[in-house]
Amino acid sequence: MLDKWETFNWRYIPLILFTVFLMIFIIFELSGLLTLEDAKNWVLSFDSLAGLVIILMLIIDLVIPVPSSVLMTLAGSLYGFFWGVLIGTLGSLLASITGFCLTRYIRKRKALTFIDESEQKSMNKWFTQWGEGILILSRMVPMLTETMSCFAGLTGISFLRFLVIIIIGTIPVTVYYSYFGSHLHSVSEWSFPLAAGVIIPGILWIFLHKKIKNT
């Protein structure tokens, strides 16, 4: 049994993380515990504190499937473009930092003993080559943001480098959603920008994934 664990392939880790986030999303969707309308109305009920609530909900997105794109758009709608970008960026960065720090703590506690030294070196090499670009690209894709932020904490990337990368990836995303939020004040008008914000990076993700497999 030990030999079997020692040959554990690190590539299963992102898949496991993504599956966990996906299962949480499915559970909430099927149970109806948190709908899009619920999230929007709950934020609006806090009036002047809505911005702080949006930041907190973006952080909670690590464990509860809160629609981050909708929250960023809502921030732009409530506070205008500049403050919407600031609120969305802060909340998204804090969420990613939290996920990174949690898994970095696990890594430092040497909880990944089932991954041998050669597999860890392979993981770090792969992340150096592809992971940083995927981190940036994943900022717009639901569940991939959480998956890659948590996975990054298990690799050898420094916190400062991680922070710079997610800032580079996050700002365009919050600018995108805040812009539409500040110009489109009806929730029904958000359908196209929200869909495009997922479909476009999704296509890029598929292209990059195929390129990685061919190398």
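The values are calculated or read from the model by the stated rules, or taken from the named source; none is laboratory data. All values reported here derive from a predicted model rather than from experimental measurement. Counting neighbours? That spans all protein chains shown, and the Cβs are built from the backbone with ideal geometry, glycine included. For accessibility, only protein heavy atoms count, side chains too; no ligands or nucleic acids. Shrake-Rupley method; radii C 1.70, N 1.55, O 1.52, S 1.80 Å.
Zone of ILE171 (label point 7 Å along Cα→Cβ, backbone N under 16 Å): which residues in region 55-84?
82-84
Let me check something: with ligands and nucleic acids excluded, how do SER138, SER45 order by accessible area (1.4 Å probe), largest to smallest?
If we order SER138, SER45 from most to least accessible, we get SER45, SER138.
Keeping every protein chain in place, order LYS121, LYS108 by accessible area at 1.4 Å, biggest value first, i.e. largest first.
Ranking LYS121, LYS108 by accessible area, largest first, yields LYS108, LYS121.
What nm distance separates the two modelled labels at THR19 and PHE82, each placed 7 Å from Cα along Cα→Cβ?
4.8
How high is the relative contact order of region 129-174, given as a whole-number percent (alpha carbon pairs under 8 Å, six or more residues apart)?
51
Report in % the part of the accessible area of region 49-155 that belongs to carbon and sulfur, leaving out ligands and nucleic acids; probe 1.4 Å.
69
For the pair ILE27 and LEU163, how long in nm is the line joining their label points, each one 7 Å along Cα→Cβ?
About 3.3 nm separates the two model spin labels.
How high is the FRET efficiency from ILE60 to ASN124, r the C-beta distance, R0 30 Å, rounded to 0.05?
0.50
Can you give the accessible area per residue of region 66-151, in Å², using a 1.4 Å probe?
46
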